[in-house]
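The values are calculated or read from the model by the stated rules, or taken from the named source; none is laboratory data. Just so it is clear, the structure is predicted and the values come from calculations on it, not from any experiment. Backbone-built Cβ (ideal geometry, glycine too); neighbour counts: all protein chains shown. Accessible surface areas use protein heavy atoms only, side chains included; no ligands, DNA or RNA. Shrake-Rupley method; radii C 1.70, N 1.55, O 1.52, S 1.80 Å.
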Amino acid sequence: MSARDPHRFINELDEEALARLVARLESRARDAVFARLFEKYAARLALPAHARVLEVGCGTGATLRMLARRPGFSGQACGVDQSRHFIAAANGFAQAENLGARVVFQVGDAHALDFAEASFDVVIAHTLISHVTDPAGVLREMARVVRPGGTVAIFDGDYSSLTYAYPDPAFGRRMDEALATATFNNPLIMRDLPRLLRAHGLALAEAWGDAVAEIGGGSYFKSFAETYVPYVRRAHLLPAAALDQWLDYQLRAMDEGVFFAACNYYTYLARRA
Ligand SMILES: C[S@@+](CC[C@H](N)C(=O)[O-])C[C@H]1O[C@@H](n2cnc3c(N)ncnc32)[C@H](O)[C@@H]1O
């Protein structure tokens, strides 16, 4: 079987796989580094009072809940995801936090959004664009539903930079590539965004990069390895025994305090003309 990005084909996954992804999205949102990377762009969104915000590919709603919890947020946030399971989870988490009508969720496809043109002040894609079937189609929809002068915010990784230390660097490199291939439909898409944004009438206002690195111990990259190695295995990208050895090594390196893994993440803020 060839690689099938689990977030792209989420509606094919069983309950156990979905539960793992829900747990991973929630734990990533609690991770101090990822919360800081979100806060860095959230602070620059210049939300008007009563802002209307859309997140496409909202998953369990972790990003929108962070937005709604920000001091002074007085708007309404709407999350859309293709997974009924994730939308049910998103409603449950938002209810548990008493977010009321400030945050609402609905099932939908980012390639064909069920909203009128210019419905939102801000439209966000937080680690969505690397997973979708047609990134240009999603950008076209984001550009359509944001109002003129409104902001499109896109945050994602550049997954050719995803790397784990391994004593056999040649196999380590193959493993890094296999992880990126098994997990992301568009592992290099963040490099194309300056061109794609312009092609969809979105003027780049700001862009920056951040390296996420875990040295000594691992939490985010530990969960990444544990969650996505099974997808490398299922796609037969590398021999099963070599995968077991690689994962054992990473877990041991964490216990021994010699772990190293890193990946670059990029943020683009663009305005609709
Ligand atoms: C890595 S998760 C990110 C979730 C959320 N943005 C966050 O950061 O926690 C990617 C999400 O994109 C959703 N997704 C992928 N393709 C989609 C599409 N065509 N339309 C709507 N959602 C999609 C998946 O269902 C998944 O919830």
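Give the residue, chosen from 197, 202, 193, 188, that is under 26 Å from residue 269 (Cα atoms), at pLDDT 95 or above, aliphatic (A, V, I, L, M) and in contact with a helix residue (DSSP H, G or I) (Cβ under 6 Å, 6 or more places away or on another chain). Reasoning before the result, please.
Values: 197 fails: in contact with a helix residue (DSSP H, G or I) (Cβ under 6 Å, 6 or more places away or on another chain); 193 fails: in contact with a helix residue (DSSP H, G or I) (Cβ under 6 Å, 6 or more places away or on another chain); 188 fails: in contact with a helix residue (DSSP H, G or I) (Cβ under 6 Å, 6 or more places away or on another chain).
Testing whether each residue is under 26 Å from residue 269 (Cα atoms), at pLDDT 95 or above, aliphatic (A, V, I, L, M) and in contact with a helix residue (DSSP H, G or I) (Cβ under 6 Å, 6 or more places away or on another chain) leaves just 202.
So if I check each of 77, 110, which one is within 9 Å of the ligand (Cβ to nearest atom) and open to solvent by less than 20 Å² (accessible area, probe 1.4 Å)?
On the way: 77 fails: within 9 Å of the ligand (Cβ to nearest atom).
Criteria check complete, one pass: 110.
Among the listed residues 86, 105, identify the single one that is over 23 Å from residue 194 (Cα atoms), within 18 Å of the chain's Cα centre (by Cα) and either open to solvent by less than 20 Å² (accessible area, probe 1.4 Å) or of a type in the set (A, V, I, L, M) (or both).
Details: 105 fails: either open to solvent by less than 20 Å² (accessible area, probe 1.4 Å) or of a type in the set (A, V, I, L, M) (or both).
Among 86, 105, only 86 is over 23 Å from residue 194 (Cα atoms), within 18 Å of the chain's Cα centre (by Cα) and either open to solvent by less than 20 Å² (accessible area, probe 1.4 Å) or of a type in the set (A, V, I, L, M) (or both).
Mind counting the residues in segment 164-179 that are open to solvent by 30 Å² or more (accessible area, probe 1.4 Å) and either without any contact (Cβ under 8 Å) to a residue 40 or more places away in the chain or farther than 18 Å from residue 231 by Cβ (or both)? Talk me through it step by step, then tell me what you get.
Initially, segment 164-179 is screened for residues open to solvent by 30 Å² or more (accessible area, probe 1.4 Å), giving 165-170, 173-174, 177.
Checking the rest, the ones that are also either without any contact (Cβ under 8 Å) to a residue 40 or more places away in the chain or farther than 18 Å from residue 231 by Cβ (or both) come to 165-170, 173, 177.
Qualifying residue count, segment 164-179: 8.
Give me the residue from segment 41-55 that is among the aliphatic types (A, V, I, L, M), open to solvent by 50 Å² or more (accessible area, probe 1.4 Å) and touching a residue at least 24 places away in the same chain (Cβ under 8 Å) and, out of that set, farthest from residue 122 (Cα to Cα). Break it down into steps so the answer makes sense when it comes.
If we filter segment 41-55 for residues that are among the aliphatic types (A, V, I, L, M), which is where we start, we get 42-43, 45-47, 49, 51, 53-54.
Next cut, open to solvent by 50 Å² or more (accessible area, probe 1.4 Å) only: 43, 46-47, 49.
From what's left, touching a residue at least 24 places away in the same chain (Cβ under 8 Å): 46-47, 49.
Working: 46: 9, 47: 8, 49: 12 Å.
The selected residue is 49.
Which condition from (1) touching a helix residue (DSSP H, G or I) at 6+ places or on another chain (Cβ under 9 Å); (2) in a strand (DSSP E or B); (3) under 27 Å from residue 27 (Cα atoms) is the one that residue 233 breaks?
So the condition that residue 233 fails would be (2).
Based on what the data block shows, is residue 123 under 15 Å from the mean Cα position of the chain (by Cα), within 30 Å of residue 14 (Cβ to Cβ) and among the β-branched types (Val, Ile, Thr)? Explain how you work it out, then say what you get.
Details: under 15 Å from the mean Cα position of the chain (by Cα): yes; within 30 Å of residue 14 (Cβ to Cβ): no; among the β-branched types (Val, Ile, Thr): yes.
No; evaluated as a whole, the condition is false for this residue.
Are any residues in segment 1-44 assigned to a loop (DSSP other than H, G, I, E, B) and at pLDDT below 95, and if so, which ones? So that I can check it myself, show each step before the final result.
Of the residues in segment 1-44, the ones assigned to a loop (DSSP other than H, G, I, E, B) are 1-9, 13-14, 31, 43-44.
Correct list: 1, 2, 3, 4, 5, 6, 7, 8, 9, 13, 14, 31.
Matching residues to (1) of a type outside the set (Lys, Arg); (2) part of a helix (DSSP H, G or I):
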| site | (1), (2) |
| --- | --- |
| 175 | yes, yes |
| 209 | yes, no |
| 224 | yes, yes |
| 227 | yes, yes |
| 237 | yes, no |
| 252 | no, yes |
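Quick grid of which residues meet (1) away from the ligand (no atom under 13 Å from the Cβ); (2) open to solvent by 40 Å² or more (accessible area, probe 1.4 Å); (3) touching an Asp or Glu at 6+ places or on another chain (Cβ under 6 Å):
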| residue | (1), (2), (3) |
| --- | --- |
| 61 | no, no, no |
| 101 | yes, yes, no |
| 117 | yes, yes, no |
| 131 | no, no, yes |
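So which residues in segment 24-34 are open to solvent by 40 Å² or more (accessible area, probe 1.4 Å) and under 23 Å from residue 178 (Cα atoms), if there are any at all?
Within segment 24-34, the subset open to solvent by 40 Å² or more (accessible area, probe 1.4 Å) is 27, 30, 32-33.
The answer is none; no residue qualifies.
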